[in-house]
Amino acid sequence: MQISQSVLISIYIITLQLTITTSHYSSPSPPAAPFSESPNKPTSPPAAEWLSAHATYSSSSDDTRDAVGGACGYGDALRDGYGTSAASLSETLFVHGQICGACFELRCFEEDVPFDRRWCVSGRSIVVTATNFCAPNYGFDAESDDGHCNPPKQHFVVPVEAYEKIAIWKGGNMPVEYRRIKCTREGRMRFTVTGSGIFNSVLISNVAGIGDIVGVKVKGSKTGWISMGRNWGQNWHVNALLQNQPLSFEVTSSDGVTITSYNVAPKNWTFGQTFEGKQFES
């Protein structure tokens with residue numbers, strides 16, 4: 001069957017109209033980013049949200065010093081700058097020591113209905129540093145007072161001096177809210193070098209910024225950069241001959257920021273000495 005020229009023209013006009021209508025209602029393509037602007041420009045992270053946990057207190061300064069010298073290896077809290085802000089964290093929060101050095105803000109959870117609000121100090125909060133591990137007690141149920149550090153409990157043990165700023169000590173096992181915050185430190189980051197022979201161990205303390213460290217490298221004047229392994233807490237180690245040469249350190253925090261401190265230790269450094277390097281921004 002032969003189609004007349006007038007019919008073909010009519011079909012073309014109808015098709016053209018449909019095409020124009022469809023284009024009118026389609027979503028326009030986004031404009032291209034200027035050549036000087038990255039399309040993947042990062043945005044500022046939101047403020048950390050408050051999470052639920054519980055807190056108890058250690059009753060004496062001796063308990064605090066013993067605790068701090070434990071799973072993170074910081075030693076005496078007062079000497080190393082943590083003072084009465086030192087805290088032991090339950091297994092769920094401690095993450096095998098990776099959290100050592102991180103800072104948390106705590107406040108009494110006044111809206112916990114089963115809890116007697118009279119034990120809360122309203123409108124107050126404290127800042128504590130993760131310095132030790134609160135070991136679980138599997139002989140007790142996690143819901144009991146003696147099992148408060150058992151998984152999956154999120155629990156903080158803080159010095160009584162800090163506890164009493166947000167609660168009455170008779171409150172005992174207290175519901176709290178917590179959030180991660182940046183650490184503010186006085187002075188510079190510290191490197192305490194211990195070991196023997198080719199075994200070198202470095203304790204990194206007084207860390208500002210996000211507080212916890214995920215990577216460390218060391219360099220002597222006769223070596224390249226050597227990655228160190230986490231021994232325990234914030235103790236990092238490497239087997240290398242580093243004596244009789246100045247030492248530099250590259251430290252990376254858990255938020256991805258890297259600080260490089262050159263010639264932290266002089267050529268004649270010895271085991272047992274502590275040196276200071278650059279500091280993260282608070």
**OP:** List the residues whose amide H sits under 5 Å from the amide H of ALA208, counting only those 5 or more places along or on another chain, with H placed 1.01 Å from N in the peptide plane.
**Re:** PHE280
Subject >> Cα-based reach from LYS182 at 27 Å (exclusive), listing lysines while leaving out same-chain residues under 8 positions away >> reply: LYS41, LYS153, LYS165, LYS217, LYS278
Subject >> Under 5 Å, built H, 5+ apart or other chain: amide partners of VAL176 >> reply: ALA53, HIS54, ALA55, PHE109
Original post:
Alpha carbon centre of the stretch 204-258 versus the stretch 103-182: separation in Å?
Top reply: 33 Å
Original post:
Convex hull over the Cα atoms of the stretch 189-277, averaged projected area in nm²?
Top reply: 4.9 nm²
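Since every read-out is calculated from the coordinates, none of them should be taken as a lab result. Treat the numbers as computed from the prediction; the structure is a model and nothing was measured.
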